[in-house]
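All remarks here apply to the structure that follows.
The values are calculated or read from the model by the stated rules, or taken from the named source; none is laboratory data. Here the structure is a predicted model, which means the values were calculated and not measured. Cβ atoms come from the backbone with ideal geometry, glycine included; neighbour counts cover every protein chain shown.
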Amino acid sequence: MALSSNPRILICTSYRRFRDDFLDYVGENVYLKPRVSLKRKQSPALRFLKRNVPELEILEYPLWRDYVKKLKEGWDVVGFSFFQNEIAEVFEMVREARRHGVKEIWAGGYGALDEAVPREVDRVFTGASEDAVAQVFGKRVTDVLHPSIIWPMDFIPGNIPYLRMGILYTERGCPYKCTFCQTPSYDKVRFNVNIDSIERVLREYSRTGVTDVLVLDELFGISPGFADRLTLLLARYKLRWWAQSRAALFMRHLDTWHERGLRFPLIGVEAMSQSSLDSIDKKQRIEEIVEFERRTSEKKAMYRMVYYMIGYESQDARTLWDDVRALKSVGFDAFQVNVITPFPQTPLWSETESRYGIRDKFYRHYDAKHLVWNHPHISPAEMHYLLRLAISYLNNPFDIYARGFARLVKERFTAEGLRFVWRDIIRTPFESMVRNLMEQGK
């Protein structure tokens, strides 16, 4: 269908099934309360599109009634950015858009790699789409600009504001080809986001009371020159920052990055068995993981979080649990635990389907928390039990709060004294509460 030169375009995420149906990155991996929550209330993908193509409109995590109300405004195109576990909800939204007379449907995000998606939509976008969408309006985006993205970190129960987490996504793509990861198929072109626009966002974060920034790059620091400029900016605006990368990269730059505000390094440990790491082409040695823990433990006020997977084809219940215990003994502070999951257009998907078969076609189970394939030694019910057991064991509240966060508080108070009390315990929670109330009143 030929679009006008100035089409009405709406880009959406998947809808929420109930009011508090937001992905909680902490809640997935810490079961007991009280605890903190970090909820994805803004979509980085949609915010980047809106920042670079202001002519379109976005709708983030709407309730169903809000989505239908928005459709009634009339649109030439409705597009969706989503993940694999959100496909069923997105297909519902597609059918509703068709009923409202929308002629063209777009799909993007990692979920659009699924083979069923092209049959339901008119156009599929893969990877960074700012330039492709801009061309619909007769424009080009040659230098991607960074938007402001804020996720709230609250104490629950009660949703008591603690801080507002500033989000950065500064580099697209990854040069590694781990067999479980969709990024090599999705982000085939690597590039950096415009550094001046990043500085404007950091300036805004600092001005509005944001103290912590989470860098969501697949592999922070893989471009050394760019990372050097970025970490200098983070230091200039006195921001504590969180970043995910590899153990080897963190160790290469640890002293400099710690001086510039790195306090929450995240690495993909994935397994404590070298044969398991080799089976997913991780290109990482167990010795690197142990050395990373040792060196970061020597840094003041540093909290180390790791990504970890269970359910490798060689594991049975006993060897899986041995691996979990080996990880615990290393000494990290917090853990995100997933079940190894084949996703479309990955080597793991092809290998698993040909060797064992993929049994589960229920899209919501593709959240890395369910066993979706025919494991040779472990049933889905047993894996569900082992996952919950592993999360409860690794993220024991005494370890992650009484030891981990208590150590952070003590070290920060020793280093900053009353400034820490004012900024972290009084001002930041109060400002977060005020801004949450202001946003709710809009």
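The residues in the range 177-193 that are surrounded by fewer than 16 Cβ atoms within 10 Å (Cβ to Cβ) and farther than 16 Å from Ser129 by Cβ can be counted, and the count is 1.
Is it the case, given these coordinates, that Asp322 is without any contact (Cβ under 8 Å) to a residue 12 or more places away in the chain, more than 19 Å from Tyr31 (Cβ to Cβ) and charged (D, E, K, R)?
Details: without any contact (Cβ under 8 Å) to a residue 12 or more places away in the chain: yes; more than 19 Å from Tyr31 (Cβ to Cβ): yes; charged (D, E, K, R): yes.
Yes; evaluated as a whole, the condition is true for this residue.
May I ask you to verify whether Ser37 is in contact with a strand residue (DSSP E or B) (Cβ under 6 Å, 6 or more places away or on another chain), modelled with pLDDT under 95 and not aromatic (Phe, Trp, Tyr)? Considered against the rule, which asks whether it is in contact with a strand residue (DSSP E or B) (Cβ under 6 Å, 6 or more places away or on another chain), modelled with pLDDT under 95 and not aromatic (Phe, Trp, Tyr), Ser37 comes out as yes.
Within the range 77-99, residues that are touching a residue at least 24 places away in the same chain (Cβ under 8 Å) have Cβ atoms under 7 Å from residues that are basic (Lys, Arg) in these pairs: Asn85/Arg364; Ala88/Arg364, counting only partners at least 6 apart in sequence or on another chain. Taking the criterion of being among the aliphatic types (A, V, I, L, M) and free of Cβ contacts under 8 Å to residues at least 60 places away in the same chain, the residues of the range 49-66 that qualify are Ile58, Leu59, Leu63. Close contacts from the range 9-36, counting a first residue that is assigned by TED's automatic domain parsing to the domain that holds Glu55 and a second that is among the charged types (D, E, K, R) and at pLDDT below 90, with Cβ to Cβ under 9 Å and a gap of 6+ residues or different chains, come to Val26/Arg35; Gly27/Arg35; Val36/Asp154.
For the range 395-416, state whether one or more residues are among the polar types (S, T, N, Q), farther than 20 Å from Glu86 by Cβ and modelled with pLDDT of 95 or more. No, the range 395-416 contains no residue that is among the polar types (S, T, N, Q), farther than 20 Å from Glu86 by Cβ and modelled with pLDDT of 95 or more.
Go through the residues of the range 94-105 one by one and say whether even a single one is under 21 Å from Gly138 (Cα atoms), surrounded by 18 or more Cβ atoms within 10 Å (Cβ to Cβ) and out of contact with any Leu (no Cβ under 6 Å at 6 or more places or on another chain).
Within the range 94-105, one or more residues are under 21 Å from Gly138 (Cα atoms), surrounded by 18 or more Cβ atoms within 10 Å (Cβ to Cβ) and out of contact with any Leu (no Cβ under 6 Å at 6 or more places or on another chain).
Okay, residues lined up against (1) over 23 Å from Trp321 (Cβ atoms); (2) hydrophobic (A, V, I, L, M, F, W, C); (3) in the same structural domain as Lys328 (by TED's automatic domain parsing):
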residue: Leu234; (1), (2), (3): yes, yes, yes
residue: Arg246; (1), (2), (3): yes, no, yes
residue: Met251; (1), (2), (3): yes, yes, yes
residue: Pro265; (1), (2), (3): yes, no, yes
residue: Gln284; (1), (2), (3): no, no, yes
residue: Glu298; (1), (2), (3): yes, no, yes
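Checked against (1) over 19 Å from the mean Cα position of the chain (by Cα); (2) modelled with pLDDT of 95 or more; (3) of a type outside the set (Ser, Thr, Tyr), Lys238 passes all but condition (2).
Number of residues in the range 201-213 that are within 19 Å of Val144 (Cβ to Cβ) and surrounded by 20 or more Cβ atoms within 10 Å (Cβ to Cβ) equals 4. Cβ separations smaller than 9 Å between residues 6+ apart or across chains give the following pairs from the range 273-300 residues that are touching a residue at least 40 places away in the same chain (Cβ under 8 Å) to residues that are part of a helix (DSSP H, G or I) and basic (Lys, Arg): Lys300/Arg412. Scan the range 228-279 for residues that are more than 30 Å from Pro347 (Cα to Cα) and outside any loop (DSSP other than H, G, I, E, B) and the total you get is 21. Looking at Asp122, is it of a type in the set (D, E, K, R), closer than 16 Å to Phe48 by Cα, surrounded by fewer than 19 Cβ atoms within 10 Å (Cβ to Cβ) and touching a residue at least 24 places away in the same chain (Cβ under 8 Å)? Judged against the criteria, Asp122 is not a match.
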